[in-house]
Amino acid sequence: MERVKCECGHVNPPGTILCEACGKILDPNEEKKLIIDMRYEGAARRSQTYNRTIIDKIWNFFSSVKVGVVLIVLALIASAIGTILPQEMNTTMNVPPKQYYEENYGVFGRIYYLLGFHDLYRSTWYILLIAAIGVSLTICSIDRALPLYKALKRQRITRHNSFMKRQRLFNEGTVENWDDQINTVSERMRQKKYRVLTESGNLFAEKGRFSRWGPYINHIGLIIVLIGAMFRFAPGMYVNEMLWIKEGETKAIPGTDQRYYLTNHEFIVEVYDESDREVYREALEKRGKIIKNFQTNVTLYEAEGEVLPGEDPQLKEIKKGEIRVNHPLRFEHFGLYQASYLLNELSAMTFQLVKKETEEVIGELTIDLENPEKRYDLGKGYIVEILAYFPDVEFKDGELRTKSPNPNNPAFAFQIRSPEHPEGERSVVFIQETLEPLGENDYKLVFKEVDTVNYSGLMVRKDRTLGLIAFGGAIFLFGVILGSFWQHRRIWIKWDGGKLLVSAHTNKNWYGFMKEIETILADTDVPIPIDRGGGLDKPERANKGGDVNGSTK
Amino acid sequence: MVKKRRLVIRTVVLIILLAAIGYTIYANIAGGSAGIPRAGDMAPDFVLRDLDGKEYRLSDYRGKGVFLNFWGTYCEPCKDEMPAMDRQYQIYRDRGVEILAVNVGESEIAIQKFIDQYDLSFPVVIDETGDVQKAYGIYPLPATFLIDSEGKIVDYIEGRMDDRDIQAYMERIKP
């Protein structure tokens, strides 16, 4: 394609529909319309004009708004499918994810896993899809913003009659003394904040051109948000881990490379009760227990020097703190959030050694279920030994064994030594039951009580991309505001040998624009333009480019 | 001229976009297994104690192959493979391959009983805090890392192994 020289003398890029300078219709197809399509000012969208190299082909593909919309719809569908089954990171599984999805959701779960829907945000194809949206956004914007900018910069005061007559707002009429009135009209336009230029009896008034950049500014905002999301993958920028810590325990905080440690002193659950304000009473009667507070009292430590996994760290206290819902403990760029809890997990069991005959209590032993002692000496020749310990007992294949290392259902094999039986008596103790496999014993262990412990589930969060994402969001909103609350309004008046042609264009709010023009032209001989829109060649559509308010993105 | 410049600009923009996407995909794949070392990576160093309190540090084994096995008394395949490991250990300990069996943090009683029951002679250390398991990103059990004499992970094996498997693995990390 060749560059097009207009009769006004301006040389336009190939593919131009309306001359950038005077507005003359250069595309024969456009000439058939009653009202011209003012999208992108009739400028040549570059994407559509070159199609030679592979680079151009890729460029043209992404330059299409249709492609962009399809990509967005695909991303929407994929994201929707991603909500059908729980995401891997939101489930607690004891088996590999593949097995987990297959066992719980059958064939569908298997396909779901294979396609990467179980961890959607990290699956390569999903990232590629989002990236493609970013590419589309960038290229679409470049391809539209630049020609639009040039066309708006190059527009002349005097426009071609074919341009004037095919505007949606248009009128013509004979005017006797235009020379006397042109100053009045200009002055009124200036009062309305128009920039007014005149040239041998022709007039051009424009305001609010900046609002045309709104959509592109909000695309820049979106691209910044995507860059922020990209940085999440960079090391040290983003941590999102769960820390389960029981009362009394000190653990390394995940995501800190064994640098920070945390002690959970106490986990507290508070509910509303009578001591609270009277206004709550009715709600409490209706609902019963209502949680008032979840809180973990902690101390944060920093390890001195580098600590290897498994090594005992030298800890230096940094601070004490209370972690409540929405009140995280902050350090460096990390935040520890109260996210979950487990109450009353077994931690220790207390037994009494009883002589069956007399029901006499000989002594007591408390067994730590995490790591029981081998031997409990109760004095006077009474010794209880643990021969075997099953924290989560089950009976399978003719033997006792443990299902897991967690003390969910503990059982013990004891050897009870007493002055009468220095060799000991064998006793197997379950939570509900005692077995004496080697015959009736003289002594028994009677379950007395359990100690329980609470676990606090803390979310370990670090997100150094938030600033950038917020910045992108602010730019986005700024673009929306520019595009939404201001309109680009233009009025042309052309002196055509005794006749006056008046036309006007805006990108939205035609009604308000008409009212403004009526005020400006009141009491003058200038014919007031007539709105020929609404039916005639679908002008609304013609004026609803993707560039108006960014709503298509 | 204009066309040429346009092609250059388009190429540059596409290269920048491609680089950003390439980096994201790479970082996602690398970061997806962040801290989870696999074949080709250096084995993360650690210090753990056995039942007697004796310290074992992985980096002290430089110059020897290390057969690093994670296990639990509740893990059924472990009951089969631990005795097999012990048999191979008798042969390969003299050929420069050591076994370190990391228990996932059970009670001493349970571990001692298991060691006695299967008469294990290689060192068994206990990862009480779970930090080493986290550093190696293991689940489920059993999980085995083959580490060469330079401290590099040669392979990662999930699941049950028999004598022949173990022998083949030992051969691969023999210095």
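In peptide A:304-314, what is the residue-averaged number of other protein chain Cβ atoms found within 10 Å of each Cβ? Please list the in-between numbers first.
Details: counts 0, 0, 1, 2, 11, 15, 20, 10, 4, 1, 0.
Per residue, the number of nearby Cβ atoms from other chains is 6 on average.
Can you pull a Stokes-Einstein diffusion coefficient for segment A:348-450 at 20 °C (1.002 mPa s), Rh from Kirkwood over Cα pairs, as a whole number of µm²/s?
For these conditions, the coefficient is 154 µm²/s.
To the nearest 20 debye, what is the magnitude of the charge dipole of segment A:45-159 about its Cα centre, counting +1 on the Cβ of each Lys and Arg and -1 on the Cβ of each Asp and Glu? Don't skip to the answer; put the middle values down first.
Details: 14 positive and 6 negative charges, 280 e Å.
Roughly 1340 debye, rounded to the nearest 20.
Taking just the C-alpha trace of segment A:205-296, give me its Rg and Dmax in Å.
25.2, 76
DSSP H helices in chain A with Cα extent of 18 Å or more along the helix axis and mean Kyte-Doolittle hydropathy at least -0.5?
Helix filter hits for chain A: A:65-81, A:124-154, A:214-231, A:466-485.
Can you sort A:125, A:244, A:492 so the residue with the fewest Cβ neighbours within 10 Å comes first?
Listed from fewest to most nearby Cβ atoms, that is A:125, A:244, A:492.
Say the dipole of the protein assembly as shown comes from +1 at the beta carbon of Lys and Arg and -1 at that of Asp and Glu; which of B:37, B:149, A:245 then lies farthest toward its positive end?
B:37
Summing Lys, Arg as +1 and Asp, Glu as -1, what charge do residues with Cβ under 12 Å from the Cβ of residue A:191 carry, residue A:191 excluded?
In short, +3.
Of A:456, A:484, how do they rank once you tally other Cβ atoms within 10 Å and put the fewest first?
Arranged by neighbour count, lowest to highest, A:456, A:484 become A:484, A:456.
Aspartates and glutamates near residue A:193 by alpha-carbon distance under 18 Å, same-chain residues fewer than 8 away left out - which ones?
The reachable aspartates and glutamates, counting only those whose Cα sits under 18 Å from residue A:193, are A:206, A:516, A:518.
Hey, which aspartates and glutamates would be in cross-link range of residue B:4, C-alpha to C-alpha under 12 Å, not counting anything within fewer than 8 residues on its own chain?
The reachable aspartates and glutamates, counting only those whose Cα sits under 12 Å from residue B:4, are A:56.
Within 10 Å, count the other beta carbons around each residue, average over each peptide in A:499-506, A:339-346, A:200-207, and list them highest first.
A:499-506, A:200-207, A:339-346
To the nearest 20 Debye, how big is the dipole of segment A:169-256 about its Cα centre, given +1 on the beta carbon of each Lys and Arg and -1 on that of each Asp and Glu? Walk me through the numbers before you get to the answer.
Working: 11 positive and 10 negative charges, 79 e Å.
So the magnitude is around 380 debye.
Helix-only estimate, please: 222 nm mean residue ellipticity of chain A, summing -39500 (n - 2.57) across DSSP H runs of length 4 or more and dividing by its residues, to the nearest 500. Please list the in-between numbers first.
Details: 12 runs with 160 residues, N = 553.
It comes out at -9000 deg cm²/dmol, rounded to the nearest 500.
Can you give me the P(r) profile for the protein assembly as shown? Cα pairs, bins 20 angstrom wide beginning at 0, each as a whole percent.
The percentages, shortest bin first, are 13, 31, 25, 17, 10, 3, 0.
Just checking the output field for A:223-234: average partner chain Cβ neighbours within 10 Å of each residue's Cβ?
3
What pairs in A:246/A:292; A:292/B:134; A:462/B:134 have C-alpha atoms more than 29 Å from each other? Walk me through the numbers on the way to the answer.
Details: A:246/A:292 21 Å; A:292/B:134 34 Å; A:462/B:134 19 Å.
In this structure, A:292/B:134 lie more than 29 Å apart at Cα.
Straight distance only, please: which aspartates and glutamates reach the Cα of residue A:319 with their own Cα at less than 13 Å, same-chain residues fewer than 8 apart left out?
Counting by Cα, and skipping residues close in sequence, residue A:319 has these aspartates and glutamates nearby: A:302, A:332.
Would you kindly enumerate the cysteines in chain A that have no other Cys beta-carbon under 4.7 Å from their beta-carbon?
Singleton cysteines: A:140.
Hey, for a label at residue A:61 modelled as a point 7 Å past Cα toward Cβ, could you say which residues of segment A:108-148 have their backbone N under 17 Å away?
A:125-140
Is there a pair in A:24/A:207; A:374/A:396; A:98/B:64; A:444/B:79 whose C-alpha atoms are over 28 Å apart, and which pairs would that be?
Distance filter (> 28 Å) returns A:98/B:64; A:444/B:79.
Would you mind working out the magnitude of the charge dipole of the protein assembly as shown relative to its Cα centre, with +1 at each Lys and Arg C-beta and -1 at each Asp and Glu C-beta, to the nearest 20 Debye?
My answer is approximately 7400 debye.
Starting with the fewest neighbours, write out A:110, A:287 ranked by other beta-carbon atoms found within 10 Å of each beta-carbon.
Working: A:110 15, A:287 10.
Going from least to most buried by this count: A:287, A:110.
For a quick protection proxy, order the peptides B:62-69, A:393-400, A:421-428 by their average other-Cβ count within 10 Å, most packed first.
Highest-to-lowest ranking by the protection proxy: B:62-69, A:421-428, A:393-400.
Per-residue mean of other chain beta-carbon atoms within 10 angstrom of the beta-carbon, peptide A:400-406?
Going residue by residue through A:400-406 and averaging, the value is 4.
Antiparallel DSSP bridges in chain B: what percent, to the nearest 5? Please list the in-between numbers first.
Values: 16 of 26 bridges.
That works out to approximately 60 percent antiparallel.
What are the semi-axes of the equivalent ellipsoid of segment A:120-267, taken as the square roots of 5 times the eigenvalues of the Cα gyration tensor, listed largest first and rounded to whole Å?
Three semi-axes, in Å: 63, 19, 11.
Computed from the coordinates by the stated procedures, all read-outs in this text should not be read as laboratory data. These numbers come from a predicted model, not from an experiment. Every residue, glycine among them, receives a Cβ derived from its backbone with ideal geometry; neighbour counts consider all protein chains shown.
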